[in-house]
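The values are calculated or read from the model by the stated rules, or taken from the named source; none is laboratory data. The structure presented is a predicted model; accordingly, all values stated were derived computationally and were not measured. Glycine gets a Cβ as well: all are built from the backbone with ideal geometry, and neighbour counts include every protein chain shown. Protein only, heavy atoms only, side chains kept; ligands, DNA and RNA dropped before computing areas. Shrake-Rupley method; radii C 1.70, N 1.55, O 1.52, S 1.80 Å.
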Amino acid sequence: GTMIYVTSKEQSPSGDAQSSSSLSSDAFSSWQPVRNAQWHYSLRIPASLSLANKADDASILRYTQDALTVEVSAEAATSLDSAIALIDQMRATAYEGQPSLTVNAEKDVTVGGQPAKEREIFLNAAGFPAMETFVFREGTIYRFSTFTAGDALTLTDEARKLHRDILSTVQFGS
């Protein structure tokens, strides 16, 4: 797949790089709004990312820029843990005797007011690192992924910040 690598940091009007802890609600107003009516969520992504792929039912949206990819997917599920286990199982094609992915870090977070799980992983078969955050809401599992192509074993700090900044814009609706 195509990936995206972020080489620039978002700047405030004063020219200072902003930290996600001090962002106001309009800090991302220059980012493009993405509204998914079929799956009841909205978010914002940097204008530098372009829509590269959209599933017919809008269950997968993929945005890319150079080596960086940001992907949002949604599908029916029964719980957060069972959905993550199922997704991992679907990826479980053996690769040179190794598991399909290595989980390097995992923590509980909140996205759009919903409990969520954030993981930093390395996809062994594909050979690239990713950060993914899962949200389970009203029978749907949402997966927000950021990954980069290339030889890196872990994401850059810029890619991690981008992932978390995008998640800070997520809203769920009815």
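Observations on the structure shown:
- No other residue among 129, 115 is modelled with pLDDT of 90 or more, within 16 Å of the chain's Cα centre (by Cα) and either crowded, with 18+ Cβ neighbours inside 10 Å or not in a strand (DSSP E or B) (or both) apart from 129.
- All positions within the stretch 118-160 that are in contact with a helix residue (DSSP H, G or I) (Cβ under 7 Å, 6 or more places away or on another chain) and farther than 18 Å from residue 76 by Cβ: 131, 133, 146, 148
- The single residue among 72, 6, 34 that is open to solvent by less than 40 Å² (accessible area, probe 1.4 Å), modelled with pLDDT under 90 and among the aliphatic types (A, V, I, L, M) turns out to be 6.
- Residue pairs whose Cβ atoms lie under 9 Å apart, sitting 6 or more positions apart in sequence or on different chains, and linking a residue in the stretch 25-38 that is in contact (Cβ under 8 Å) with a residue 12 or more places away in the chain to a partner that is among the hydrophobic types (A, V, I, L, M, F, W, C) and open to solvent by 30 Å² or more (accessible area, probe 1.4 Å), are 30/47; 31/47; 32/47; 34/51.
- Test: residue in the stretch 90-109 that is touching a Leu at 6+ places or on another chain (Cβ under 9 Å), of a type in the set (D, E, K, R) and open to solvent by 80 Å² or more (accessible area, probe 1.4 Å): no
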